[in-house]
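Asker: Take this structure first; my questions come after.
The numbers here are math on the coordinates, done by the rules we state, and not lab data. This one's a predicted model, so the numbers in the text were calculated from it and none came from an experiment. Every residue, glycine among them, receives a Cβ derived from its backbone with ideal geometry; neighbour counts consider all protein chains shown.
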Amino acid sequence: MTQERSSIDELADDYVLGLLDPSAQLEAEARIERDADFRRAVAASRDRFLELDLTARPTVPSETLWQRIAQQVEAVPVVRSPRPGAPRPSAANQNDRKSWWRGLAMASTAASVLLGVLLVRAILSVPDPVVIAVLVDQSGQPLAIVEDYGNAAAKVTALTDFAIPEDKSMQVWTLPSEERGPVSLGLLTSSASDILHGPELPSPKEGQLYEITLEPRNGSPTGRPTGAILVKGFAKTVR
């Protein structure tokens, strides 16, 4: 799938799920009228989410959900402009600021994806996992979501098509504790979403590490991650 095709499908999904802001929603509606490819993508997305629509019970987001959203927003630090006449920052300070802004952008993007997932779950009355982890690549781009239900079952949703060689596979890992080390939750058999049934583990917790690595076709031969890390992220508690 090309990057353009992937972008069209992602926009169609966001449109159908109601995740676009008002201006983007209007642009998408106008695009449906003039763009046959986008119109087909929206139709396919609606078909894909039809079963969810039929079983969903409309509900008002809970006060707890709004409190979580407010806490996420309040956690973003406020950066004030320098006062007139204040000394200019040194080159080292400028580099520090660039690194800080990159980190903030990565965290903000992941938080936006997480909040979107929480809102959709609240509106559609989907059962909550114990934790959700947004997995990002080295540039901070969210590429997958892990929903861990704490009962040896976890749902992994890919937000893009991973280009995986035929002799390789994607393996999902978590780190329940430093003492135990990384534990495999299973191999992904789908590039869209998959339900994994891993070993019995302690209930997942806030800040727990999740990652996806590139491994041999049948998985890591050592029981530990051996290949390149494709994406990783830290869990946020939902319950």
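Asker: Mind listing the phi-derived Karplus ³J(HN,Hα) values for the stretch 8-13, rounded to whole Hz, using 6.51, -1.76 and 1.60 with θ = phi - 60°, and x for any glycine or proline?
Answerer: Per-residue couplings from phi come out as 4, 5, 5, 5, 4, 4 Hz.
Asker: Can you sort Arg31, Arg217 from fewest to most other Cβ atoms within 10 Å of each residue's own Cβ? Kindly include the intermediate steps, with their values, before the conclusion.
Answerer: Values: Arg31 17, Arg217 11.
The fewest-first ordering by Cβ neighbours comes to Arg217, Arg31.
Asker: Give the dimensionless ratio obtained when the Cα radius of gyration of the stretch 131-236 is divided by 2.2 N^0.38 Å.
Answerer: So the stretch 131-236 has a normalised radius of gyration of 0.96.
Asker: If you don't mind, there's one more thing I want to ask. Counting only the backbone N, which residues of the stretch 218-238 are under 13 Å from the spot 7 Å out from the Cα of Asp137 toward its beta-carbon?
Answerer: Under 13 Å, as judged by backbone N against the label point of Asp137, lie 229-232 of the stretch 218-238.
Asker: What does the convex hull of the Cα atoms of the stretch 135-176 come to per residue, in Å³, rounded to a whole number?
Answerer: 107
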